[in-house]
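Encoded as structure tokens, the structure appears first; notes follow it.
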Amino acid sequence: MRITLRQLMIFKAICTERQISKAAKLMHMSTPAVSMALKELENSLGCRLFERAGGGLELNAHGKIILPYANEMLSKGNELEKLFNFAEDGVKGCLVIGSSKTVGNYVLSRKIPLFKDKYPDVKIKLIIENSLVIEKMVSEKEIDLGFIDAKPASRNLVCEQWMQDKLCIVSGCSHPVAKQACSSHILSEQLWVFDHESSLSHIRAVQLLKSLNVYVRNDICMSTIGAIKRAIGTGIGLSVLPYVAIKEELERGELCLIDLKGWDYKRTYWSIQRESDELSLQSNIFLNFLNNAS
């Protein structure tokens, strides 16, 4: 049996894209070459790894067994490259960061260019997904570090509090309740705009409002903070958003904070890593950079 890292990379690409042609594009290879590599891998293992379903390819029982081993072997290959990949005058190598939406879009997207300017030989990639996806990717060794807005549940991860931010009730400045203290009764009668219903931010917001006797009876769901900000910016609707995401709009006078007695809630963001793995030099330097950056 002879299995190569290249075959495993192609296997992962097919898992992600669910089509041979899309995996070929991702790998910058021809479709026949990807098909051949998959066939060779399956021949080496003596079993098929995918089945056709719903217009694409899905892992079968054998494929699901292979996947964590493929992740482990590819991760070790990356670690080996990083071990010998240092520039004479500084740090060099690859670093893959995963982040939940808020800190990814409003914090890390601004910090990473500054880090790259200071460490130009580090190739860095940022993946933005919801916290549960990022937790899973760190756990399965698909990314080096994660930054999420909920304490991880996975037992093979360790976490540290990284950042705290205020949660704010906010509206457009032309909204009738803008810039004033409001009762729970008045806020219960308003239209609210939230993230999609299954998101942690939506669930938290509704629970926190309910704790102060604000009952959401009329709401709209949108999938990005940018869309939510533009929606409430019309002067119709309120939302609960992290301060870091609305700071600039508040400064420009586009959004306004709503004062509700007893509202004083914060959100904690966590850095996460695998418990069994020692952090690479690049990861340690990146964490130190974040903690020391103004």
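The values are calculated or read from the model by the stated rules, or taken from the named source; none is laboratory data. From a predicted model like this one, the values you see are computed outputs, not experimental measurements. Glycine also receives a Cβ, built like all others from the backbone with ideal geometry; neighbour counts cover every protein chain displayed. These accessible areas exclude ligands, DNA and RNA; they are computed on the full protein's heavy atoms, side chains included. Shrake-Rupley method; radii C 1.70, N 1.55, O 1.52, S 1.80 Å.
Taking the conditions exactly as written (on the phi < 0 side of the Ramachandran plot and either modelled with pLDDT under 65 or crowded, with 16+ Cβ neighbours inside 10 Å (or both)), does Lys92 satisfy them or not?
When the stated conditions are applied, Lys92 passes them.
Among (1) buried (at least 18 other Cβ atoms within 10 Å of the Cβ); (2) free of Cβ contacts under 8 Å to residues at least 40 places away in the same chain, which single condition is Lys210 missing?
Only one criterion in (1) buried (at least 18 other Cβ atoms within 10 Å of the Cβ); (2) free of Cβ contacts under 8 Å to residues at least 40 places away in the same chain is unmet by Lys210, namely (1).
Look at Lys210 and say whether it is modelled with pLDDT of 95 or more, of a type outside the set (A, V, I, L, M, F, W, C) and more than 26 Å from Trp162 (Cβ to Cβ).
Criteria met by Lys210.
Among Ile246, Ile220, which is farther than 17 Å from Cys182 by Cα, of a type outside the set (Ser, Thr, Tyr) and open to solvent by less than 10 Å² (accessible area, probe 1.4 Å)?
From the options Ile246, Ile220, the qualifying one is Ile246.
Regarding Leu287, is this residue at pLDDT below 95 and within 17 Å of Ser100 (Cα to Cα)?
Yes: the conditions hold for Leu287.
Only one of Lys76, Lys25 is over 30 Å from Leu279 (Cα atoms), open to solvent by 50 Å² or more (accessible area, probe 1.4 Å), modelled with pLDDT under 90 and not in a loop (DSSP other than H, G, I, E, B). Can you tell me which?
The conditions single out Lys25.
Taking the condition of being out of contact with any Ser or Thr (no Cβ under 8 Å at 6 or more places or on another chain) and in contact (Cβ under 8 Å) with a residue 40 or more places away in the chain, how many residues in segment 251-260 meet it?
Number of matching residues: 4.
Hey, can you tell me all the residues within segment 143-180 that are touching a strand residue (DSSP E or B) at 6+ places or on another chain (Cβ under 9 Å), modelled with pLDDT under 90 and open to solvent by 70 Å² or more (accessible area, probe 1.4 Å)?
Lys151, Lys179, Gln180, listed by residue number.
Can you tell which of Ala33, Ala37 is of a type outside the set (Val, Ile, Thr), crowded, with 17+ Cβ neighbours inside 10 Å and either touching a Gly at 6+ places or on another chain (Cβ under 7 Å) or more than 14 Å from Leu67 (Cα to Cα) (or both)?
Only one candidate passes the filter, namely Ala37.
Among Ile14, Ile10, which is the only one that is under 21 Å from Glu142 (Cα atoms), β-branched (Val, Ile, Thr), assigned by the TED database to the domain that holds Ser75 and in contact (Cβ under 8 Å) with a residue 40 or more places away in the chain?
It is Ile14.
Do we have Asp117 as charged (D, E, K, R) and buried (at least 17 other Cβ atoms within 10 Å of the Cβ) here?
Spelling it out, it is not the case that Asp117 is charged (D, E, K, R) and buried (at least 17 other Cβ atoms within 10 Å of the Cβ).
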